[in-house]
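Scroll down for the structure; my scribbles are underneath it.
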Amino acid sequence: MPNGGMNKMMKQLQKAQAEMGRMQEAIAAKTVEATSGGGAVKVVANGTKSLVSLQIEPEALGEDNREMLEDMIVAAVNEAFKRVDDMVAEEMQKLAGGLNLPPGMF
């Protein structure tokens, strides 16, 4: 590859790195919401897969519902984390598509 081509590729990689940093900050600030049990449990997670909030409807509480409630919480959290993964994949696709880098760079 001629020297000019290498310089161009290095500039593209530096641009990609800067864009990646901005994208990571933007993703970390975004939130996703997921529910389970027909809305009895609602969770909100941020782009770094940290649980931001957990809401449980009063009718879901009670000793008779404890095991079911635990399952609903796990289901809602797992769905929220899946949505974070989907959001990150979508943002990565946008980033990779806009940089015109050679295939296989991401």
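Might you check whether a residue that is surrounded by 10 or more Cβ atoms within 10 Å (Cβ to Cβ), within 20 Å of LEU95 (Cα to Cα) and in contact (Cβ under 8 Å) with a residue 12 or more places away in the chain occurs anywhere in the range 67-79?
So the first thing to find is which residues in the range 67-79 are surrounded by 10 or more Cβ atoms within 10 Å (Cβ to Cβ), and the list is 68-79.
Next, from what is left, pick out any that are within 20 Å of LEU95 (Cα to Cα): none.
No - not one qualifying residue is present in the range 67-79.
Tell me which of these GLY39 doesn't satisfy, since it passes every other one: (1) exposed (fewer than 13 other Cβ atoms within 10 Å of the Cβ); (2) within 12 Å of the chain's Cα centre (by Cα); (3) touching a residue at least 12 places away in the same chain (Cβ under 8 Å).
(2)
Out of the residues in the range 25-64 that are of a type in the set (D, E, K, R) and either within 15 Å of ASP86 (Cα to Cα) or not in a strand (DSSP E or B) (or both), which is modelled with the lowest pLDDT?
My answer is GLU63.
Could you tell me which numbered condition ILE73 fails, if it satisfies all but one of (1) hydrophobic (A, V, I, L, M, F, W, C); (2) part of a strand (DSSP E or B); (3) farther than 25 Å from GLY97 by Cα?
Single failed check for ILE73: (2).
List every residue pair whose Cβ atoms sit under 8 Å apart, with the two residues 6 or more apart in sequence or on different chains, where the first one lies in the range 6-21 and is more than 11 Å from LEU95 (Cβ to Cβ) and the second, anywhere, is part of a helix (DSSP H, G or I) and of a type in the set (A, V, I, L, M).
If the second residue must be part of a helix (DSSP H, G or I) and of a type in the set (A, V, I, L, M), the pairs left are GLN12/LEU99.
The values are calculated or read from the model by the stated rules, or taken from the named source; none is laboratory data. All values reported here derive from a predicted model rather than from experimental measurement. Methodologically, a virtual Cβ is constructed for each residue, glycine included, from the backbone with ideal geometry; neighbour enumeration extends over all protein chains shown.
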